[in-house]
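Here's the structure, in structure tokens; my notes come after.
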Amino acid sequence: VPEPIPDPQTLTSPLPSSHSYRGLTLVLTFLSYTSYHLSRKPISIVKSQLHPNCSALGPNPHNDSNSSTWCSWAPFDGDNYKELFGALDNAFLVAYAIGMFISGIFGERLPLRYYLSGGMVLSGLFTALFGLGYFWDIHVLWYFIVVQVCNGLVQTTGWPAVVACVGNWFGKGKRGLIMGIWNSHTSVGNILGSLIAGAWVSSAWGLSFVVPGIIITTAGIICFFFLVEYPEDVDCSPPLHHVMTTSEKDPEAVTSNEGPLSLSGQSSADHSNKEPAEEPEAISFLGALRIPGVVEFSLCLLFAKLVSYTFLYWLPLYIVNVAHFGAKEAGDLSTLFDVGGILGGIFAGLISDYTGGRATTCCVMLVVAAPMLFLYNHVGQNGIGISIAMLIICGALVNGPYALITTAVSADLGTHESLKGNAKALSTVTAIIDGTGSVGAALGPLLAGLISPTGWNNVFYMLIAADVLACLLLARVVVKEARGWCGYMARQRGYVVT
């Protein structure tokens, strides 16, 4: 008896659904960027071990020396150790900011899976090399500076690649909420990095870097084998990045409340038939700058990230000096700012999905953040309950717009309708936006260090001014969104909009 001929449709249909691939993409990119932040955190934990309070450890075992820094790690055993720690931080941040502007260009022209995995393996290498300085007994500053610069450069491979992968799989409709939840990898990585580095910081601080280096390398290898870059690679339909209307009389209309599911019917067939015919070229740097909104959101992120990173580097010290908590209590309290950031990112994504106004959502949160920063500086230390509440609120209002711009906004602009379906702009746009923001991340802690000797009030005035500037830079985009809402409401009521 001849065997039945299998149905060709059964042979060509993929076994896993597009929902499974979307979930896999979210998990793998979440783990990837968690490991990036996990590998960045040890330096802030190990600083206290490189120049500890030697008198608290007992008498000097070196009888031939009366040094009060006998337990410190040279070259960080001098009176200028704070400047040297600042040099380590700035070496990473400046290299990261510079490298980010060119990282996205390479990301558009190389397979994302190779680019991300290679960057993670190299990040693991340079993270481990910093810790190997302990086992190799290295005491020269240039070694640690060079490692930090190299690590800052290779870590720029992460953000453009993971945002591009998520943007390729998820359309505009629920992108803000999904990416708001997904963006919690930053705080998860910071927490895990603190715990892992803290496990070895007192016994062998080199392992505080080597172990995170092994973790990010392992995660990179996993991504290499399992990450799927594009839905088309596994015969899934691409998501709907923007709605194509029959009449394009009002290009500013709000249409982002449409679902992110795959294109259906003849539309999907047209895309699938058109794509193999001609592969679009990757967008240039100047071409990405001409996409409407890229410049505004990039400059806004510069000031928003300035505020966020100033809190990241200076909040524990502020709590110690103003509220007079111990170092451990101040560190525990400072994590509440990250908790607020997670909630703010989710809230910003949810509201922007519902309203279709990414810029308006950011602007409103930034407007409210300014007086809340003022209140936190003046009444936030009057009690533990008030301090906890104010830290969570400030974290949500400061990091909410920062999270929204670096995730959903970057993905929206990288798939803007002006690109006419060319998806090879996500990495470049993401790199431009986050690279500009990274300039603010480097400037914020530096300015705080220069201003703090004049008083903490002046530091907060600087943060409030940066917050207001971030809001003002989005004014044009907010007006555009408002006009789009007015046009949409007019059409709903049957009026003709000219």
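Report in % the part of the accessible area of region 154-235 that belongs to carbon and sulfur, leaving out ligands and nucleic acids; probe 1.4 Å.
Working: 2020 of 2750 Å².
For region 154-235, the apolar C and S fraction of the accessible surface comes to 73 percent.
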Linear extension gain, residue 142 paired with residue 80, 0.36 nm per residue minus alpha-carbon span
20.8 nm
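Quickly rank 401-414, 111-124, 296-309 as a protection proxy: mean count of other C-beta atoms within 10 Å, highest first.
Values: 401-414: 28.7, 111-124: 22.0, 296-309: 26.0.
Ranking, from highest mean packing down: 401-414, 296-309, 111-124.
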Distance from region 174-195 to region 344-417 (C-alpha centre basis), Å:
15 Å
Sort the following peptides by mean Cβ neighbour count (other Cβ atoms within 10 Å, averaged over residues), highest first: 347-359, 479-491, 157-169.
157-169, 347-359, 479-491
log10 of Debye I(q)/I(0), alpha-carbon scatterers only, for region 127-185 at 0.15, 0.22 Å⁻¹:
-0.62, -0.84
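Around residue 69, with a cut-off of 11 angstrom between Cβ atoms, what is the net charge of the other residues, counting Lys and Arg +1 and Asp and Glu -1? Mind dumping the intermediate values first?
Details: positive: none; negative: 77, 79.
Taking every Cβ under 11 Å from that of residue 69, the sum is -2.
The values are calculated or read from the model by the stated rules, or taken from the named source; none is laboratory data. Given the structure is predicted, the values throughout are model-derived calculations rather than measurements. So basically every Cβ, Gly included, is an ideal-geometry build from the backbone, and we count neighbours across all protein chains shown. Surface accessibility is based on the protein's heavy atoms, side chains included, excluding ligands, DNA and RNA. Shrake-Rupley method; radii C 1.70, N 1.55, O 1.52, S 1.80 Å.
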